[in-house]
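Only one structure is covered here, and it is reproduced in the block below.
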Amino acid sequence: GTGDGVELERMAEITDLIIVLGGDGTLLSAAVPAACCDVPLLGVNIGHMGFMTETTPDELPEAVARLRDGRFEIERRMMISAECDAWPAQVALNDIVIYRSTSELHIVETRVSVGGACLGRIMSDGLIVATPTGSTAYSLSAGGPVVDPLLDCILVTPICPHSPLSRPAVLPEWERVRINTPADGMELLLSADSRP
């Protein structure tokens, strides 16, 4: 970086706690570096969305006093990772999304397998694989269920499915979700917590 700032990855390496000032998007940008170093986050909501950033600026002095006195609990949140030949490995606190590029107006065909068993073929505008924390984000907008963020499970939610039989699924967190797409030349994109 420039100036007197510290890169987020370096900050996570040298601190015991990161206080994030912003909204959920700002907290999401800090989640992966913090998790890599097992550093907790305290989110202070000064942004638009505040599902994860529960502390307000007025509550910050009390929150800091509680931290100083050891009167706090750490909530552990599940994260997911995606591996693909075409993209570098991605890690997310909310969700991994596979979708078509904006220039393509074709339906995305995916075949979803869990633990080696095929769940079936899904025709949709894309697919969201979310954590319980991400259940109140894009997955919810696409018709997925709301799940307690402290549970350990995986949500698979089709985006605008083109079949009434394509429903969201809640799966055990230990299962590996495999998503295959046809090699038809359609450009598909992957994002992790809205990062392309």
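The criterion of being among the aliphatic types (A, V, I, L, M) and modelled with pLDDT of 90 or more holds for Ile159.
Residues in the stretch 169-183 that are free of Cβ contacts under 8 Å to residues at least 24 places away in the same chain and within 19 Å of Gly134 (Cα to Cα): Pro172, Trp174.
Going by the structure shown, is Val114 among the hydrophobic types (A, V, I, L, M, F, W, C), touching a strand residue (DSSP E or B) at 6+ places or on another chain (Cβ under 8 Å), at pLDDT 90 or above and surrounded by fewer than 19 Cβ atoms within 10 Å (Cβ to Cβ)? So Val114 passes the test. Pairing each residue of the stretch 30-41 that is farther than 9 Å from Met11 by Cβ with any residue that is of a type in the set (Gly, Ala, Ser) and assigned to a loop (DSSP other than H, G, I, E, B), provided the two are 6+ apart or on different chains, yields no C-beta distance under 6 Å. Applying the condition of being part of a strand (DSSP E or B) and open to solvent by 60 Å² or more (accessible area, probe 1.4 Å) to the stretch 162-181 and asking which residue is farthest from Ile98 (Cα to Cα) yields Val170.
For the stretch 19-71, which positions are within 21 Å of Asn94 (Cα to Cα) and of a type in the set (Val, Ile, Thr)?
If we filter the stretch 19-71 for residues that are within 21 Å of Asn94 (Cα to Cα), which is where we start, we get 19-55.
Within the stretch 19-71, Ile19, Val20, Thr26, Val32, Val39, Val44, Ile46, Thr53, Thr55 meet the criteria.
Taken as a whole, the condition of being closer than 15 Å to Thr181 by Cα and of a type in the set (Gly, Ala, Ser) applies to Gly126. β-branched (Val, Ile, Thr), closer than 20 Å to Leu27 by Cβ, touching a Lys or Arg at 6+ places or on another chain (Cβ under 8 Å) and in contact (Cβ under 8 Å) with a residue 24 or more places away in the chain: is that true of Thr131 in this structure? Spelling it out, Thr131 is indeed β-branched (Val, Ile, Thr), closer than 20 Å to Leu27 by Cβ, touching a Lys or Arg at 6+ places or on another chain (Cβ under 8 Å) and in contact (Cβ under 8 Å) with a residue 24 or more places away in the chain. Residues in the stretch 162-190 that are over 16 Å from Gly120 (Cβ atoms) and of a type in the set (A, V, I, L, M, F, W, C) were compared, and the one that is modelled with the highest pLDDT is Trp174.
Looking across the stretch 182-196, the residues that are buried (at least 16 other Cβ atoms within 10 Å of the Cβ) and either among the aliphatic types (A, V, I, L, M) or assigned to a loop (DSSP other than H, G, I, E, B) (or both) come down to Leu188, Leu190, Ala192, Asp193.
The values are calculated or read from the model by the stated rules, or taken from the named source; none is laboratory data. Values in this document were obtained by computation on a predicted structure and should not be read as measured data. Cβ: placed from backbone, ideal geometry, glycine included. Neighbour counts: every protein chain shown. To get the accessible areas, we keep the full protein, side chains included, count just its heavy atoms, and leave off ligands, DNA and RNA. Shrake-Rupley method; radii C 1.70, N 1.55, O 1.52, S 1.80 Å.
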